[in-house]
Amino acid sequence: MSTVFSAYDIRGRAGDTLTKEHAWNAGKAFSEWLPDPGPVIVYKNTSVNMDIYNSFIEGLLLMGRDVVDAGEGKKDDIASALVDEKIVGGAMVAHDQAYDVEVISLFDANGAEITDKNGLTEVSQLVDAGQMIPAREKGKIVTRD
């Protein structure tokens with residue numbers, strides 16, 4: 001497994017163990033891994049590294065995924081949005097102040113967090129393989145008011 005992937009999420013120090021390229025590739029791989037077409041919703045916390053956040057979103061967009069940029073929120077907000085709005089996947093990009101790392105948590109369409117038990121290993125393998133081909137048409141970003 002790639003060094004930025006843990007059993008529960010993608011994490012590392014911004015610009016060091018978790019670079020913009022890592023986040024970009026994670027977004028592309030997550031898009032590829034999702035079983036259904038459709039948009040992905042992405043939340044952030046107040047102290048997130050915006051380079052990591054924007055790079056993750058850019059990876060999704062390059063694969064043709066539309067992205068709902070939901071702004072600031074909590075993990076609980078993702079589960080509700082996924083189920084209520086019929087969105088195919090979600091992510092929370094956050095800064096963990098206790099460990100001083102950026103964390104990208106992924107969610108399936110049912111609002112369940114994706115771990116090494118239900119798909120995170122496959123996302124990591126897609127990143128490591130590096131075989132993701134961008135879509136012909138880039139996805140669109142929608143921001144929430």
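Consider E102 carefully, then state whether it is acidic (D, E), within 14 Å of the chain's Cα centre (by Cα) and farther than 22 Å from P37 by Cβ.
yes
For G89, are the conditions met, namely being closer than 12 Å to I41 by Cβ, surrounded by 18 or more Cβ atoms within 10 Å (Cβ to Cβ) and without any contact (Cβ under 8 Å) to a residue 60 or more places away in the chain?
Judged against the criteria, G89 is a match.
Looking only at the range 127-145, count every residue that is over 19 Å from T17 (Cβ atoms) and either in contact with a helix residue (DSSP H, G or I) (Cβ under 7 Å, 6 or more places away or on another chain) or hydrophobic (A, V, I, L, M, F, W, C) (or both) and tell me the total.
9
What pairs come up if the first residue lies in the range 113-129 and is without any contact (Cβ under 8 Å) to a residue 12 or more places away in the chain, the second is not charged (D, E, K, R) and not in a loop (DSSP other than H, G, I, E, B), and their beta carbons are under 7 Å apart, counting only those six or more places apart or on different chains?
I114/L106; I114/F107; I114/L120
Quick check on the range 105-119. Is at least one of its residues over 23 Å from N45 (Cβ atoms) and of a type in the set (S, T, N, Q)?
Yes, the range 105-119 contains at least one residue that is over 23 Å from N45 (Cβ atoms) and of a type in the set (S, T, N, Q).
Check I57, I10 and return the single one that is closer than 22 Å to R144 by Cα, surrounded by 20 or more Cβ atoms within 10 Å (Cβ to Cβ) and in contact with a helix residue (DSSP H, G or I) (Cβ under 8 Å, 6 or more places away or on another chain).
Exactly one of I57, I10 is closer than 22 Å to R144 by Cα, surrounded by 20 or more Cβ atoms within 10 Å (Cβ to Cβ) and in contact with a helix residue (DSSP H, G or I) (Cβ under 8 Å, 6 or more places away or on another chain), namely I57.
Scan the range 22-56 for residues that are over 18 Å from L120 (Cα atoms), assigned to a helix (DSSP H, G or I) and either of a type in the set (D, E) or touching a residue at least 40 places away in the same chain (Cβ under 8 Å) (or both) and report the count.
Total satisfying the criteria: 3.
Go through A135, A94, A98 for me and flag whichever is in contact (Cβ under 8 Å) with a residue 12 or more places away in the chain and within 15 Å of R11 (Cβ to Cβ). It would help to see each step written out before you state the result.
On the way: A135 fails: within 15 Å of R11 (Cβ to Cβ); A98 fails: in contact (Cβ under 8 Å) with a residue 12 or more places away in the chain.
Unique residue meeting the criteria: A94.
Can you find a residue in the range 87-99 that is within 20 Å of T121 (Cα to Cα), of a type in the set (A, V, I, L, M) and in a helix (DSSP H, G or I)? Quick ask: steps written out before the conclusion?
Going through the range 87-99, the residues within 20 Å of T121 (Cα to Cα) turn out to be 88-93.
Going one step further and asking which of them are of a type in the set (A, V, I, L, M), we end up with 88, 91-93.
Narrowing further to those that are in a helix (DSSP H, G or I): none.
Scanning the range 87-99 turns up no residue that is within 20 Å of T121 (Cα to Cα), of a type in the set (A, V, I, L, M) and in a helix (DSSP H, G or I).
Restricting attention to the range 1-33, report how many residues are under 13 Å from the mean Cα position of the chain (by Cα) and more than 17 Å from D128 (Cα to Cα).
1
Here is a list of conditions, (1) among the β-branched types (V, I, T); (2) buried (at least 18 other Cβ atoms within 10 Å of the Cβ); (3) assigned to a loop (DSSP other than H, G, I, E, B); (4) in contact with a His (Cβ under 9 Å, 6 or more places away or on another chain), and V127 meets all of them except one; can you say which number that is?
(3)
Where a number appears in this text, it was derived from the coordinates with a stated rule and is not lab data. These numbers were taken from a predicted model, which means no experiment stands behind them. As a convention, Cβ positions derive from the backbone with ideal geometry for all residues, glycine included, and neighbour counts pool all protein chains shown.
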